[in-house]
Amino acid sequence: MLRLTMNPNTIKQLAAEQAHKLQDIRRHLHSHPELSFKEFETAAFIKLHLGKMGISKIKSVANTGFEVLIEGRNPAKKTIALRGDMDALPIVETNNVDYKSKNVGIMHACGHDVHTTCLLGAAGILQQLKNEFEGTVKLIFQPGEEVIPGGATLMIKEGILNNPKVEGIFGQHVMPLIPVGKVGFRSGLYMASTDELYMTITGKGGHGAMPHLCIDPVAVMAQIITGLQQVVSRQANAIIPSVLSWGKVIANGATNVIPNEVYMEGTFRTLDEKWRETAHKKMMQVATNIAEAFGATIQFEIRKGYPFLKNEPLLTARAKSYAEAYLGKENVVDLDIWMAAEDFAYYSQEVPACFYRLGTRNEAKGITSGVHTSTFDIDEDALVIGAGLMAFIALQELG
Ligand code: NI
């Protein structure tokens, strides 16, 4: 049975009072996006707002990142962390809005402006309630989620999960598939590990009319692509989600020219660490053997990215019940496995973690574009909901 230590209406009220401010903050961040690990102005802007709220326990971590401590009564009792990422993507925004990106070629197309704004909003609420809770909330403003190695690893290496020790961490991410007003949770395995694949197949180019005098890397490429699909479809246990996709294949010959080499880039994703290791070995073996059989050579680099993300079942069950108390049962949905990756996964490998989704879709207003597209946007009603819910979850968790 859920015990409410904090009245949801109190938090809703405090969140609603910030509505205009949160919209301004989000629009400022949206129009001034910065790329991964270059979030200098973003960090300065957030710190300025934290200062205005009277929050001073701020410590830089991982260069542009920082942690913020909001201490209640008896701060040593327990520490809960809330994380928001700050970086944008190299995309030219095509939305026609007042708050369109002023840094042409850079865009908050994954909603990290929203995550940062909600975390700031949560900070404002928690700061006002300092005397009403016991323990400490650690806010993590994280840089560089979008590029390997991921800001999360750097922050963990610099001790972000210790001193004070984090006993549970929550992350919130926009989801344009879910209508605004709703949020989504999933217990256990949620997002995939991701590895980048880079391959060069070297043969011997020549006239297209005389393939017997050449070693055709294009024909070898076709065999390798087909062969590697069999690793995923025939050698993986069918109950483990796996995906292999080649998004870039360059064979720069001509109608009558067999090129010397073919270059390819792809991604491999799964949800099982043991299978991930095995799959790497098998892909290497299959690709090498196919190339060898036809007299070609390959250079195949598998660059390891983020691990899979797992939501700790007990923590997630509690967070979901808090969300139901805050938003109503009908506004909390269950999520499917999502084969994209997220560096929040690193935290989930270290401490009990819960990564949940904030609905931002509004069909009536035409807000339906997916993340990482040039037309991505949100229904800004999500800001008050996201800020309030984060604060409510932290307060409930501190009990
Ligand atoms: Ni993202």
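By other beta-carbon atoms within 10 Å, ranking Phe37, Phe376 with the fewest at the front produces Phe37, Phe376.
Note on the stretch 1-155: Rg/Rh from C-alpha atoms, Kirkwood Rh, equals 1.00.
Here's the picture: charge each Lys and Arg Cβ at +1 and each Asp and Glu Cβ at -1 in the stretch 195-304, and of His207, Leu197, Ile258 the one pushed furthest to the positive end of that dipole is Leu197. Here Ser31, Ser348 are placed in order of increasing Cβ neighbour count within 10 Å, fewest first, which gives Ser31, Ser348. Against the main long axis of the alpha-carbon atoms of the chain, helix 313-327 sits at an angle near 60°. Listed by Cβ neighbour count within 10 Å, with the fewest neighbours leading, His112, His207 appear as His207, His112. Under 25 Å of direct C-alpha separation, and excluding same-chain neighbours fewer than eight residues apart, Lys157 reaches these lysines: Lys38, Lys47, Lys57, Lys59, Lys77, Lys78, Lys138, Lys165, Lys274, Lys304, Lys310. Of the residues Gly386, Gly206, Gly111, the one that moves most in a GNM of the chain with alpha-carbon contacts below 10 Å is Gly206. Of the trypsin sites (Lys or Arg not before Pro) found in the stretch 156-232, the ones in coil according to DSSP and having at most 16 other Cβ atoms within 10 Å of their Cβ are Lys165. Report, to the nearest 10°, how far helix 112-128 tilts away from the longest principal axis of the Cα atoms in the chain, using its own Cα long axis and a range of 0 to 90°. Tilt of helix 112-128: around 20 degrees. According to the Cα-based calculation, Rg over Rh for the chain is 1.05, with Rh computed by the Kirkwood formula. Model label sites at Ile250 and Gln235, defined 7 Å from Cα along the beta-carbon direction, differ in position by 2.8 nm. For Ala88, the residues 5 or more places off, or on other chains, whose built amide H falls under 5 Å of its own are Glu34, Leu35, Ser36. The mean sequence separation of alpha-carbon pairs under 8 Å and at least six residues apart, normalised by the residue count of the chain, gives a relative contact order of 25 percent. Over the residues of the chain, the helix contribution to mean residue ellipticity at 222 nm works out to -11000 deg cm²/dmol, using -39500 (n - 2.57) for each DSSP H run of at least 4.
With unit charges on the beta carbons (Lys and Arg positive, Asp and Glu negative) and the dipole taken about the Cα centre of the chain, which residue among Cys354, Pro179, His30 sits farthest to the positive side? Most positive-ward Cα: Cys354. Counted by Cβ distance under 11 Å from Lys57, the other residues give a net charge of 0, where Lys and Arg count +1 and Asp and Glu count -1.
Where both residues lie in the chain, what percent of DSSP beta bridges are antiparallel, nearest 5? If I count the DSSP bridges inside the chain, around 65 percent turn out antiparallel.
No lab work stands behind these numbers, since they all come straight from the coordinates. Because the structure is predicted, anything quoted here is derived from the model rather than measured. As a convention, Cβ positions derive from the backbone with ideal geometry for all residues, glycine included, and neighbour counts pool all protein chains shown.
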